[in-house]
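A quick write-up on the structure given underneath.
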Amino acid sequence: MGTLNFDRYHAAMGDASYKDVARLHDTPLSGAQAAFYVTQRKLPFAPCLGHERLVRLLTDSQIDRPRLRFLEQDRGGLQLFAKAIEDMRVVGAIRAVRPGTIVFAQQPFADITGAFGLTQAQEIKFEHAFDLPMTTASTAMQFRMAAGDERWLSDFSLRRNGDIERAVDIATYAFIGGFNDTSNMEAAHRLDIPAVGTQAHYWQLAYIEYMYEPEIEPLTGKPKHFEQVAFERWLDANPNGTTLLLDTIDVYMGAVHAAMAATSTEARRRAFKGFRVDSGDLAELGAWCLRFFEANGLHRLRPNLTGDLDVAKVRRIVKDFPEVAGFGIGTKLSSEVPAVAGVVFKQCVIGDRATLKVGNSQEKTTLPGRLQLFRGIAANGNYVADVTGLDEEEIEIPGASRVERLLGPFWEDGQRVAIPSIEKQKAIVEEQRKRFADIDHYPCLLSDRLRTLRDDLTARMRSDNSGWADVLRMPEQVGDETMPI
């Protein structure tokens, strides 16, 4: 059953658009054909993901009687809008870029065209569909670029995501964006990928009684440290291979206790495949531990580093400790990302007229007309530049042997384009990422025709020849005697 997945202003505008007083000359505003494009403002680049979420939101739209009654009883009397949405199905024709297509800030990656009254009320569905997937995949891409293609990236964000469904979504879009696996068992089950993770610090802490009643180390005849006992038990419980977490007490001594445990029997030596450090100077400690283990005959171990890692820290660790095998990323993948996509839904056509929002902030000025996103491709397959233009344009891009139109039909008359599998979307993102020579400085332009339309329309919209200045007074013209006390 559908929910009232819209703001009150959508309901208020929708209701008003059905009233005779809101007609566009002889046309009811509710039925006027309108187009709205979808973009994101805040990420430098992001794979466009979330198409399957959009499908769910659009198809799960039947509103039950209690919710319709709530609308009808609103203080504004929203009966007309309630009646319009009572039997609402998918509204309008939708275009979108292919799932996994890497797009840049301010570029149109989807649009919808339909009758104004109901189409404008689809805004939140588009924003909910794309915002989290694009935010997560963009963050994952940046981690992948920092780590390099050969190192492992694991999603450790489950505990930071608030609920399991959001956590599964984070794991899914991180996987598409470049991660290898997840610690989230439910996500691993749904994605059909291996789950990763071994032990927490409290495994070692559970053996603290051996600090008071110690076992004796056969090689020295002296008491074993309780952490060595915990490591021995863990290696015995996981004979096919495991990772030891070294920083429960002190990383240097954690490495000592791990080495003592792993070298105590051949079975334990075979079980010890890698180590994890979760605090301190990760590059320095990881490098020291690797050298220490090598010096004690423990070879080919995988150093895995975790601990509130962001992209800049990963990049620095790779530079200082290139032997690092993998990273576990949690907080900075989900709850403390540097920026969210900021997906927005903006009107660009009403009837047969282009329109735009101008405002007083340049970064919030929108684009007019039926838009298209063009991508130039060189003879070697690399991407040259993008141009946002008008759909009827034919664009040439210098250095490109061909130009692709990225916005294409996605949903119309109840029929939609097939959405690739998760694995296919991951492959699409990886293949595209390698075709940008310098993604951080990739040219994204407006066509001359679109820029001219935007500027001319802006100037005309700002022009007002109604003679209002003969009727109204500016604040500085108001005398003190009329000011409120």
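As I understand it, the dipole of the chain uses +1 on the Cβ of Lys and Arg and -1 on the Cβ of Asp and Glu, about the Cα centre. Which of Ser361, Gly399, Ala35 lies farthest toward its positive end?
The residue sitting farthest along the positive end of the dipole is Gly399.
State which helices in the chain qualify, where a helix is a whole DSSP H run, it must extend 24 Å or more along its own axis by its Cα atoms, and its mean Kyte-Doolittle hydropathy must be at least -0.5.
Numbers: long enough: 123-147 (36 Å, 0.05).
Both cut-offs are met by 123-147.
Order of 410-418, 114-122, 362-370 by packing, highest average Cβ count within 10 Å first? Present the calculation step by step, with values, prior to reporting the outcome.
Values: 410-418: 13.6, 114-122: 22.6, 362-370: 16.8.
Those peptides, ordered most packed to least, come out 114-122, 362-370, 410-418.
Could you order the peptides 145-153, 35-43 from most to least packed, using the average number of other C-beta atoms within 10 Å per residue? It would help to have the intermediate numbers written out before the result.
On the way: 145-153: 16.7, 35-43: 22.9.
Most protected by this proxy first, the peptides run 35-43, 145-153.
Run the dipole for segment 1-79 about the Cα centre, Lys and Arg Cβ at +1, Asp and Glu Cβ at -1, nothing else charged, and hand back the magnitude in debye, nearest 20. Intermediate values should be presented prior to the final figure.
On the way: 11 positive and 9 negative charges, 56 e Å.
In debye, rounded to 20, segment 1-79 gives about 260.
So what is the relative contact order of the chain, in percent, for Cα pairs below 8 Å that sit 6 or more residues apart? Walk me through the numbers on the way to the answer.
Numbers: 895 pairs, mean separation 84.7, N = 485.
This gives 17 percent for the chain.
Keeping all protein chains in place, calculate the accessible area per residue for segment 112-249 (probe 1.4 angstrom), answer in Å². Can you show the working numbers first?
On the way: 5870 Å² over 138 residues.
Counting only protein heavy atoms, the per-residue value for segment 112-249 is 43 Å².
Can you give the alpha-carbon Rg of segment 301-453 over 2.2 N^0.38 Å, where N counts its residues?
Values: Rg = 20.4 Å, N = 153, 2.2 N^0.38 = 14.9 Å.
The value comes to 1.37.
Tell me, what is the percent relative contact order of segment 48-194, built from C-alpha pairs under 8 Å that lie six or more residues apart? Working shown, then result.
Values: 177 pairs, mean separation 33.3, N = 147.
Here the relative contact order equals 23 percent.
Roughly to the nearest percent, how much of the accessible area of segment 378-485 is carbon and sulfur, given a 1.4 Å probe? Before the final figure, lay out the partial values.
Values: 3900 of 7720 Å².
Whole-percent figure for carbon plus sulfur exposure: 51.
Among Val196, Val229, Met211, pick out the residue whose Cα is farthest towards the positive end of the charge dipole of segment 165-237, where Lys and Arg carry +1 and Asp and Glu carry -1 on C-beta, about the Cα centre.
Towards the positive end, the residue furthest out is Val196.
Treating only the Cβ of Lys, Arg, Asp and Glu as charged (+1, +1, -1, -1), what charge dipole size does the chain show about its Cα centre? Round to the nearest 20 debye. Kindly include the intermediate steps, with their values, before the conclusion.
Values: 58 positive and 67 negative charges, 133 e Å.
The calculated dipole for the chain is roughly 640 debye.
Using the structure shown, list the pairs from Lys273/Lys426; Lys319/Lys434; Lys42/Lys125 with a Cα-Cα distance above 23 Å, or answer none. Numbers along the way, then the final one.
Numbers: Lys273/Lys426 28 Å; Lys319/Lys434 21 Å; Lys42/Lys125 19 Å.
Those over the limit are Lys273/Lys426.
Would you please put 329-335, 25-31 in order of how densely packed they are, using the mean number of other Cβ atoms within 10 angstrom per residue and starting with the highest? Please report the intermediate quantities before stating the final value.
Values: 329-335: 21.9, 25-31: 14.1.
So the peptides 329-335, 25-31, ranked by packing, come out 329-335, 25-31.
What percentage of the solvent-accessible surface of segment 7-121, computed with a 1.4 Å probe over protein heavy atoms, is contributed by carbon and sulfur atoms? Each step should come with its number before you reach the end.
Details: 2590 of 4890 Å².
Carbon with sulfur: 53 percent of the solvent-accessible area.
What's the FRET efficiency of Asp64 with Met474 using the Cβ-Cβ distance as r and R₀ = 35 Å, to the nearest 0.05?
Numbers: r = 51 Å, r/R0 = 1.45.
Taking R0 as 35 Å, the efficiency between Asp64 and Met474 is 0.10.
Could you give the dipole magnitude of segment 333-485 about its Cα centre, charging the beta-carbon of Lys and Arg +1 and that of Asp and Glu -1, in debye to the nearest 20?
Values: 20 positive and 25 negative charges, 98 e Å.
Result for segment 333-485 is approximately 460 debye, rounded to the nearest 20.
With a 1.4 Å probe and every protein chain left in place, work out the accessible area per residue of segment 330-469 in Å², rounded to a whole number. Don't skip to the answer; put the middle values down first.
Working: 7990 Å² over 140 residues.
Ligands and nucleic acids excluded, the result is 57 Å² per residue.
Considering only protein heavy atoms and a probe of 1.4 Å, how much of the accessible area of segment 225-371 is carbon and sulfur, as a whole percent?
Values: 3150 of 6530 Å².
Of all accessible area on segment 225-371, carbon and sulfur atoms account for 48 percent.
With the dipole of the chain worked out from charges on the C-beta (+1 for Lys and Arg, -1 for Asp and Glu) around the Cα centre, which of Ala259, Gly114, Gly381 lies farthest toward the positive end?
Gly381
Please work out the Cα center distance from segment 300-349 to segment 21-36, rounded to the nearest Å.
Using only Cα atoms, the two centres lie 47 Å from each other.
The values are calculated or read from the model by the stated rules, or taken from the named source; none is laboratory data. What you are looking at is a predicted structure, and each value in this text was computed from that prediction instead of being measured. Cβ sites come from the backbone with ideal geometry, for glycine too, and all protein chains shown count toward neighbours. Heavy atoms of the whole protein, side chains included, go into the accessibility calculation; ligands, DNA and RNA do not. Shrake-Rupley method; radii C 1.70, N 1.55, O 1.52, S 1.80 Å.
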